[in-house]
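To start, the structure under review is shown below, and the notes come after it.
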Amino acid sequence: MRSGRRMRRTGKPSGDVGESGAVVTRHREPSRHERVGLWRTRRTMRSNSAAGEVRKWRGAGGPAFGDKRRRGGMVLNVVRIAAAVAALQITAAVATEPDSPSQPAFASQWPDASNTGPPRDLKLKPSGPLTIAVAGTTISGLDIQGGVTVDADNVTIEMSRISAKAWAVIKIDPHRTGVVVRDCTIDGRGAGPDGNGNQGIMGQGTFQRNNISNVENGIVLTGKGSLIEDNFIHGLNAGGAPHYDGIQIDGGISDTVIRHNTIVNSHGAAGAIMIDNEFGPVSNIVIEGNLLAGGSYTIYSDGKFNGNPISGVSITDNHIGSGQYGPTLFRSNRPTYLRNATDGWRLVRNLNFGNVAAQEAIR
């Protein structure tokens, strides 16, 4: 205590002035064990409520300074509290330590039917097909039967259900920017207008927390600068001779982030993510922290078309369930491939697919 005199090392009785101004007589020096306990307590618990008990022990005056047994018990309790606090601090430090390099860094809840699409208790208002041509428009809370065409900048489509046998359930003009599609259920009904396959979303923008199914391809990207995050792409289904892809990049794409999605291609064809250079060069594609499963190969990065370069593709920290022939196929390019686990199918089996038939088909 800062206001009193230090206890002499002679072991003789000495007087300290407590915070209350009273003189307190001590009849012995604290043992080495007790002094160490107090030192540790002061260091780790200056702002803790137990500090009040320490002040009493050191000379605040009053009944806390009873007999030897009581003083010894007080020290023991304080030391126990200090040890418990230290243990909690160690636990917290361990919990915030980054994962080891051999383990994927993302371990949060995976997107599935329980946490994507509109809120379950939201009453949706019926609507027909829409064409949005006014910049800054927000569409929210609709049950849209028919496709949505976006031909304006800074459009937001949110918390809605869109169902259509359209070429693209949501089609975004390739020259538009700032488009956001989030918290929607997107259902392609298993076929396009010609009976063949269709796309869930076609275009560029920010696509988050959507539940996409019954399409040939979940998201087909155009342009640059897209963010695809926290989506659940599954139940791929189409007529004709489909080439199923969860996310498809066919060239002319750059500066895109694909992060923390669940993509399940339960067919033995194509992949969860397809990257190729058929319609132009590809650059700066980040694929990180996803749960990806199925296809022929789960991830393609295929530079065999037209001589257009593929560069800057990074595939890290994903959980991959192998396709029919393997987890990856890379041709004529060398993506960065780090810390990807091979436990994808095990994790997929624990997902909520929204109906019993889909769940059993995966298991």
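Structure notes:
- Over region 110-253, the Kirkwood radius and the radius of gyration, each from Cα atoms, give a ratio Rg/Rh of 0.93.
- Amide H to amide H distances under 5 Å link THR156 with THR137, THR138, ILE139, VAL180, where only residues 5 or more positions off or on other chains count and H is placed in the peptide plane.
- Dipole of region 125-362 [Lys/Arg +1, Asp/Glu -1 at C-beta], most positive-end residue of GLY195, PHE279, ASN350: ASN350
- Counting other Cβ atoms within 10 Å as a rough exposure proxy, the listed residues TYR325, TYR297, TYR337 run TYR325, TYR337, TYR297 from fewest neighbours to most.
- Exposure proxy ranking for LYS125, LYS165, based on other Cβ atoms within 10 angstrom of each Cβ and starting from the fewest, stands as LYS125, LYS165.
- Applying the Kirkwood pairwise sum to the alpha-carbon positions of region 125-362 produces a hydrodynamic radius of 17.5 angstrom.
Since every read-out is calculated from the coordinates, none of them should be taken as a lab result. What you are looking at is a predicted structure, and each value in this text was computed from that prediction instead of being measured. All Cβ positions, glycine included, derive from the backbone under ideal geometry; neighbour counts span all protein chains shown.
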